[in-house]
1. What are the residues in the stretch 38-63 that are in contact with a helix residue (DSSP H, G or I) (Cβ under 9 Å, 6 or more places away or on another chain) and either of a type in the set (Ser, Thr, Tyr) or modelled with pLDDT under 95 (or both), if any?
2. With within 20 Å of Arg471 (Cβ to Cβ) and surrounded by fewer than 19 Cβ atoms within 10 Å (Cβ to Cβ) as the only criterion, which of Pro351, Pro296 stands out?
3. Tell me, which residue of the stretch 251-298 that is out of contact with any helix residue (DSSP H, G or I) (no Cβ under 6 Å at 6 or more places or on another chain) and of a type in the set (Lys, Arg) is farthest from Pro351 (Cα to Cα)?
4. Of all the residues that make up the stretch 431-484, how many are of a type outside the set (Asp, Glu), within 21 Å of the chain's Cα centre (by Cα) and part of a strand (DSSP E or B)?
5. For the stretch 195-205, which residues satisfy the criterion of being surrounded by 21 or more Cβ atoms within 10 Å (Cβ to Cβ) and either outside any loop (DSSP other than H, G, I, E, B) or at pLDDT below 95 (or both)?
6. Regarding the stretch 141-153, can at least one residue be identified that is in a loop (DSSP other than H, G, I, E, B), surrounded by fewer than 19 Cβ atoms within 10 Å (Cβ to Cβ) and out of contact with any helix residue (DSSP H, G or I) (no Cβ under 9 Å at 6 or more places or on another chain)?
7. Which residue is surrounded by the fewest Cβ atoms within 10 Å (Cβ to Cβ), if the candidates are limited to the stretch 377-423 and must be in a strand (DSSP E or B) and among the small types (Gly, Ala, Ser)?
8. Among (1) farther than 20 Å from Arg357 by Cα; (2) touching a strand residue (DSSP E or B) at 6+ places or on another chain (Cβ under 8 Å), there is one condition Asn423 misses while meeting the rest; what is its number?
Amino acid sequence: MLHARRMTGWASLLALLLAACGGGGGGGGGTAASDAPPGVEGGLLNDPVRYALDANAALPSATESSVQTSQQLSLDGTPIDYQTDTGHLTASDPVSGAAKASMFYVAYTRKGVASASRPLVFFYNGGPGSASVWLHLGSYAPKRLAAPMPATTVPQPYRMVDNPQTLLREADLVFVDAVGTGYSQAIAPNSNRTFWGVDADALLFRDFVLRYTAKFQRQASPLVLFGESYGGLRSPILAAALLAAGAPLQGVVLQSAILNYNSNCAVLDPGRLSCSAFVPSYAAAAAWFQRARPMPTELPSFEQQVIAYAEAQYEPAAQAWLTQRLALAAPIAQQLGDYSGLAASTWQAEPLLYPERFRRLLLPSQLIGRYDARVAAGVNDALASEGDPSSTVLTAAFVSSIAEHLRGNLKYQASVNYRLVNNEVIEQWQWRHDGHELPDAIPDLALAFGLRPTLKLLVIGGYHDLATPFRLTEQDLARLAPQPAGLQLRRYVGGHMTYLDDQVRPALRADLAGFLTSLGGAP
């Protein structure tokens, strides 16, 4: 049973880390909203609704509205014409038809192709409590923010640039914000908190997807879910719900996903789980900073070596410490020290070395990143002040760029600030799922494969991610029995948001393009 003390502390810590990742944004409080429909003036949609994203807020009613633009992108010398749609759709109960929430989205649809059967990808981030801005501005839309990682400074002014790695060649793209983030708000008699829970959240996303495909006549399009972080846990639950509703879901992409909160040593009380699945990520960080002993010549083979040792040697020793308090044998402590760049004595003193401790121990007087362990800052530097230099370094860039992108490129002007991260969401989140205090989405993923055995799943992980370590995700997926034929595991240099690395993104795009092409549908 989860100890309430640990859960409360963990939620508060994660909320702090999310705040560092996303910054505030306004959104206001209260429940009042304008009844006036948004208006388009000179090509700009001025939305007068004052979206309120606190727990008790609700819109008295909502109007579906959006603004369209026509744009062009040149890819390898070939012009690609596309349409953008930015605005709100109403997610409604599929049985009663009652309105549940007004959900904010941005869609990119290629022109001049047979869109009815073209793959359609729905993107969302995690948190819970994070808007889709990280994927929207950072990954595969036609334009992206030039904020390369790893970095300890981001160039100013922040630039939105044409994105040669966009997935618009292969699919149409929809970025949608969860209730309580962006400009997404519940509709009375619901309130925002109604949808702040594992199951309610996933079902609301189901209702949005069904509404989108109905409105834009995309019921025949192969559907793809692309979820990052907590969005990776949302995806299996959402996938099963969509398939049960008869939707043509063909693929799921998990980006740096957490699939089971019960297997992550950073979530539960200290002393309940070993952190052996983090050791390969510790080793990748140590190698990046030239601390591994000896230094590896090639990262993938080094990581396989570390994985084999961590699971064959360290994990049994960690279990012996957990159950019998048996000290780590000196050779094991020494080998772990060599892999992780730490002293053997550190491992002997802390046999269950937690990621928060590792981030403070690897480099003297420095803190390395949680979301990207390749980023480091002095413990007294401003970048370290919010707990994670790898997210703090991005905050200002994404805050300023989403505001300008919505107004300048997409012609949408709201009356309040866009909320990138809402800490209140995770603080009030209802975690229970399938009878458990903390969610485990592997059974939901198995159900989805049972409903559609041909479903394809692409799992993306970064070697340097200390938030959702790639090996833990792989271990959780190993519980699927039998292993689905459509499962692909991919590891890349980089952290939580691998797509922010300019050196890695072309390879990511190639793997994603192949995945989307394999689903069929119109090019």
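The values are calculated or read from the model by the stated rules, or taken from the named source; none is laboratory data. Nothing here was measured: the structure is a model prediction, and the numbers come from that model. Virtual Cβ from ideal backbone geometry, glycine too; neighbours counted across all protein chains shown.
1. Keep residues of the stretch 38-63 that are in contact with a helix residue (DSSP H, G or I) (Cβ under 9 Å, 6 or more places away or on another chain), which gives 44, 52-58.
Hit for the stretch 38-63 is Leu44, nothing else.
2. Working: Pro351 fails: surrounded by fewer than 19 Cβ atoms within 10 Å (Cβ to Cβ).
Only one candidate qualifies: Pro296.
3. Applying the filter and picking the extreme gives Arg291.
4. 8
5. Here is the first cut: in the stretch 195-205, the residues surrounded by 21 or more Cβ atoms within 10 Å (Cβ to Cβ) are 195-196, 198, 201-202, 204-205.
Answer for the stretch 195-205, where residues must be surrounded by 21 or more Cβ atoms within 10 Å (Cβ to Cβ) and either outside any loop (DSSP other than H, G, I, E, B) or at pLDDT below 95 (or both): Phe195, Val198, Asp201, Ala202, Leu204, Phe205.
6. No, the stretch 141-153 contains no residue that is in a loop (DSSP other than H, G, I, E, B), surrounded by fewer than 19 Cβ atoms within 10 Å (Cβ to Cβ) and out of contact with any helix residue (DSSP H, G or I) (no Cβ under 9 Å at 6 or more places or on another chain).
7. Within the stretch 377-423, the first condition is being in a strand (DSSP E or B), and the residues that meet it are 377-378, 412-413, 419, 421.
Those left that are additionally among the small types (Gly, Ala, Ser): 377-378.
Details: Ala377: 21, Gly378: 13.
Checked the stretch 377-423; the qualifying residue surrounded by the fewest Cβ atoms within 10 Å (Cβ to Cβ) is Gly378.
8. The number of the failed condition is (2).
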